[in-house]
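Colleague: Got a structure for you, questions after.
No lab work stands behind these numbers, since they all come straight from the coordinates. A quick note: this is a predicted structure, and the numbers were derived from the prediction, not measured. Note: ideal-geometry Cβ built from the backbone for every residue, glycine included; neighbour counts use all protein chains shown.
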Amino acid sequence: MTVPLLDIRNLHLAMRSFEGEAHVLNGVELCVNRGEIWGLVGESGCGKSLTGLSISRLLPEPPARYISAEITLEGRDLRALSPREMQALRGKRIGMIFQDPTTNLNPTARIGTQLVDVALAAARHDPTILPPARSRRAGARALALDMMRQVGIPDPEARMMSYPHEFSGGMRQRVLIAMALIGRPDLLIADEPTTALDVSVQAQILTLLKAMVAEHDLGVILITHNLGVVAQTCSHVAVMYAGNVVERGPVRQVIERPAHPYTRALMAAIPTRDTPRGGLQGLEGTVPDLIQPPPGCRFAPRCTRATEACRAAVPPLTSQGPGHEVACLHPVTEDAPHV
Amino acid sequence: MITFILRRLLMLVPVLVGLTVIMFAIARLLPGDPVGLAAGPNATAAERAALAAEFGLDRPVWEQYGTYVAGLVQGDFATSLLTRRPVAADLAAYLPATLELVLAAMLLAVGLGIPLGLLTALWRNRWPDYLSQVLAIGAISMPRFFLGLLLQLCFAMWLNWLPLAGRLPIIVFPPDPITGFITIDAALTGQWDVLRTALLHLLMPALALSLSPLATIMRMMRSSTIEVMGQDYVMTARALGLPRHLILTRTIARNAVSATLTVIGLYFGWLLGGTVLVETVFDWPGLGLYATKAILSQDMMPVIGVALVIGLLFVFANLLIDLAYGLINPKVRYS
Ligand SMILES: Nc1ncnc2c1ncn2[C@@H]1O[C@H](COP(=O)(O)OP(=O)(O)OP(=O)(O)O)[C@@H](O)[C@H]1O
Ligand SMILES: [Mg+2]
């Protein structure tokens, strides 16, 4: 068996805030191989972004505190790296794209400068990414132009001289994708890359992402709220609830046979023509208090199938089919009612 | 951009009209007897009347104002009652000293305030930060003339490191004026001894003048740096693996400076006004000292002239700052 690209185990994270220390990640498990696009879904506040940020160690400690974490990138323990070594991986092995293209570009620097800077930073660790040129800077410029072309920015020569506010939202998101991919990363973490964009631009960006994955053989974590996006774009999906991955597996399996009661409720909440609009269907109550979380399955208080055993200990991920795992003692076995 | 500059220069007209009107009104409303002071205690009534007639002071105010403005248009700032010299010539003679002092103070305030603000933001909530915050509050709330006196006491009287006052000792010949700034002229003509002496004389008044804006710029820079460090694009820059020094200069400092620049613009005007006190304390032969002496003898033409020059400089300084702001912050491109 080959070493997975990214392997997260036992990720427990606490965040300090005014009210106290919240146990926000409660043993996240995630495993990503090259060529796979993992959708990471779940309600707002369930810890998707924090999982992404934990991988490249971007959370300041404090307020963050890791209770335990095993994160490996092709077998290399990321938690054991020095800050320098970690910085060498960012942009180079791990690329990140964030949600809001209006706030994630430096407003006072030209697009070209920003791309060239990232290219130069990546080239310090791997000069082979630069095409042959008279100087490193010229090489970085050529690479930046090439990348802008690849992500579909028209007239890149002229656009390099523009500032971010002169770009549309979709174009800015393309710039961010170009910046994330310019260092030829192996793993791409995209935190809601299309949420701030309108539907047609969203579709273009997702198509672009898929093309980039196919071309560069990346592993991707795509954080999103939108199950439609997952169904269209991802090969796999991991469902999070209150700091836990409660179900994961190939997209088809999970969507056709969701085994966790929470996944089921999440799917039922997708508004289709036959279902009335509203909140999560058949789900009473709210996300548990993470400062003093209940022991056991965090979904138990809202779950109709919960038993004493559920409240006693967090159920581990168990196999539910090929590659399909669920963290539930009483998984649902019937097919999903729709989709 | 040209229209932007022209529009801003047009703004000068109301500023100048306002200044002259206000200054004329004050000159008239002030109780006192400028003619009597200028003519001296032994002058006869006829002599005083002659003096008043010579300077047009027997005319109605609106007529005096009209004559003055008519002169201004041709660059004539009227004549000093006391010295009988044209005010324009005096202004030209005193302006370089004031500008040298103000620019030196500005250089100190910006050159130290910006890096200190950046550093204290990076050291936020550790003791060097707390210490500098306390010192900054002290510096802002201390009156300038008092600070000047303290500096004189400490560095000139006790330690004897720096000259007490003045721009150059009488025994030193100033270099031939090229720019009018003694330091720059001395450097241009290669008179290094003079340069050294001039710099030593400049240091204390510039420090006294700059400390409060320095502290304000530092605090402003600190808070905008902290704000910028929380911005998404800084996180993105880190996530993309940019080296620390690049994040600090290109991402953090640049954006924080653009927010701080507006304060710097305001302070230039504040410094120009502040020179009056500091020049008096340090006997610095600039516009401030000139105006003070004129006020004491109720000689209003020089005072009006100084107010006009400072008003002009203020408008120009703000124009320059706005242009610089546009350079740093591409979103503000003069519309
Ligand atoms: N800086 C912070 N300090 C304290 N608590 C935080 C901080 N950042 C996030 N949290 C908490 O951690 C939990 C998980 O946050 P996270 O941002 O990962 O959610 P998310 O799943 O990405 O949500 P969304 O879909 O809204 O982006 C939330 O309950 C949030 O309140
Ligand atoms: Mg999020």
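Colleague: Magnitude of the Cβ-charge dipole of region B:92-328, K/R +1 and D/E -1, about the Cα centre, nearest 20 debye? Walk me through the numbers before you get to the answer.
Modeller: Details: 12 positive and 11 negative charges, 168 e Å.
Roughly 800 debye for region B:92-328.
Colleague: Would you please give the FRET efficiency between residue B:50 and residue B:320, computed as 1/(1 + (r/R0)^6) with r the Cβ-Cβ distance and R0 = 41 Å, to the nearest 0.05?
Modeller: On the way: r = 47 Å, r/R0 = 1.14.
So, using R0 = 41 Å, E works out to roughly 0.30.
Colleague: Might you report the magnitude of the Cβ-based charge dipole of region A:101-184 about its Cα centre, with Lys and Arg at +1 and Asp and Glu at -1, to the nearest 20 debye? Provide the component values of the computation, followed by the final result.
Modeller: On the way: 11 positive and 6 negative charges, 37 e Å.
With only Lys, Arg, Asp and Glu charged at Cβ, the dipole is about 180 debye.
Colleague: Got a sec to turn the phi values of region B:249-254 into Karplus ³J(HN,Hα) couplings, 6.51 cos²θ - 1.76 cosθ + 1.60 with θ = phi - 60°, whole Hz, x for Gly and Pro?
Modeller: 7, 6, 8, 7, 4, 4
Colleague: Something else about it: Which is the longest part of chain A that has none of the GluC sites (Glu not before Pro) sitting in a DSSP loop with at most 13 other Cβ atoms within 10 Å?
Modeller: A:20-283
Colleague: Please list, in chain and number order, the residues 5+ apart from residue A:320 or on another chain whose amide H is under 5 Å from its amide H, with Hs placed from the backbone.
Modeller: A:325, A:326
Colleague: Quick one, could you list the DSSP H helices from chain A stretching 15 Å or more along their long axis (Cα atoms) with average Kyte-Doolittle hydropathy of 0.5 or above?
Modeller: Working: long enough: A:111-123 (18 Å, 1.51); A:136-150 (21 Å, -0.45); A:169-181 (18 Å, 0.80); A:199-216 (25 Å, 0.93).
Length and hydropathy pass: A:111-123, A:169-181, A:199-216.
Colleague: While we're on this one: Using each residue's phi in region B:150-164, evaluate 6.51 cos²θ - 1.76 cosθ + 1.60 at θ = phi - 60° and report the 3J(HN,Hα) Karplus result to the nearest Hz, with x for Gly and Pro.
Modeller: With the stated coefficients, region B:150-164 comes to 4, 4, 4, 4, 6, 8, 9, 7, 7, 7, 6, 8, 10, x, 5 Hz.
Colleague: If I model a spin label as a point 7 Å beyond the Cα along the Cα-Cβ vector, how far apart are those points for residue A:161 and residue B:8 in nm?
Modeller: 2.3 nm
Colleague: Mind listing which trypsin sites (Lys or Arg not before Pro) in region B:231-335 are in a DSSP loop and have 15 or fewer other Cβ atoms within 10 Å? Intermediate values should be presented prior to the final figure.
Modeller: Working: sites: B:238, B:244, B:250, B:254, B:293, B:331, B:333; in loops: B:331, B:333.
Answer by residue number: B:331, B:333.
Colleague: Further question on the same structure: Mind listing the long-range amide H neighbours of residue A:221? Cut-off is under 5 Å, sequence gap 5 or more, other chains count too, H placed in the peptide plane at 1.01 Å from N.
Modeller: A:38, A:188, A:189, A:190
Colleague: Which loop chymotrypsin sites (Phe, Trp or Tyr not before Pro) in region B:151-238, with loop taken from DSSP, have no more than 13 other Cβ atoms within 10 angstrom of their Cβ?
Modeller: On the way: sites: B:155, B:158, B:161, B:181, B:192, B:233; in loops: B:161, B:181.
Sites meeting the loop and neighbour criteria: B:161.
Colleague: For residue A:237, list long-range residues whose amide hydrogen, built 1.01 Å from N in the peptide plane, is under 5 Å from its own amide hydrogen.
Modeller: Result for residue A:237 returns A:39, A:249, A:251.
Colleague: Towards the positive end of the charge dipole of region A:101-184, with charges on Cβ (+1 Lys, Arg; -1 Asp, Glu), say which of A:103, A:148, A:131 has the farthest Cα.
Modeller: In region A:101-184, that residue is A:131.
Colleague: Quick one: putting +1 on the C-beta of Lys and Arg, -1 on the C-beta of Asp and Glu, what dipole do you get for the protein assembly as shown around its Cα centre, in Debye to the nearest 20?
Modeller: Dipole of the protein assembly as shown, to the nearest 20 debye: 840 debye.
Colleague: What's the local net charge at residue A:291, with K and R +1, D and E -1, over the other residues with C-beta under 10 Å away?
Modeller: On the way: positive: none; negative: A:19, A:21, A:289.
Computed value for this residue: -3.
Colleague: Helix-only mean residue ellipticity at 222 nm, the protein assembly as shown, DSSP H runs n ≥ 4 weighted -39,500 (n - 2.57), per residue, nearest 500. What is it?
Modeller: Working: 25 runs with 340 residues, N = 674.
Per the formula, -16000 deg cm²/dmol.
Colleague: Right, here's the next one. Stick to the Cα atoms of the protein assembly as shown, pair each with every other, and give me the Kirkwood hydrodynamic radius in Å at one decimal. Intermediate results must be reported in sequence, preceding the final value.
Modeller: On the way: mean 1/r = 0.0327 Å⁻¹.
Radius from the Kirkwood sum: 30.5 Å.
Colleague: With a cap of 12 neighbouring Cβ atoms within 10 Å, and only residues DSSP puts in a loop, list the chymotrypsin sites (Phe, Trp or Tyr not before Pro) found in region A:1-104. The partial results should precede the final answer.
Modeller: Numbers: sites: A:18, A:38, A:66, A:98; in loops: A:18, A:98.
Passing both the DSSP loop test and the Cβ count: A:18.
Colleague: Sorting A:264, B:222, A:79 on the 10 Å Cβ count, fewest up front, what's the list? Show your work: numbers first, answer last.
Modeller: Numbers: A:264 22, B:222 26, A:79 14.
Arranged by neighbour count, lowest to highest, A:264, B:222, A:79 become A:79, A:264, B:222.
Colleague: As I understand it, the dipole of chain B uses +1 on the Cβ of Lys and Arg and -1 on the Cβ of Asp and Glu, about the Cα centre. Which of B:291, B:243, B:3 lies farthest toward its positive end?
Modeller: B:243
Colleague: Continuing with the same structure: Summing +1 for each Lys or Arg and -1 for each Asp or Glu, what net charge is found among the other residues whose Cβ lies under 15 Å from the Cβ of residue B:139?
Modeller: On the way: positive: B:144, B:219, B:222; negative: none.
Computed value for this residue: +3.
Colleague: When the label point is put 7 Å from the Cα of residue B:156 along its Cα-to-beta-carbon vector, which residues of region B:256-299 have a backbone N closer than 20 Å?
Modeller: Once the point is set 7 Å along Cα→Cβ of residue B:156, B:274-294 turn out to lie under 20 Å by backbone N, inside region B:256-299.
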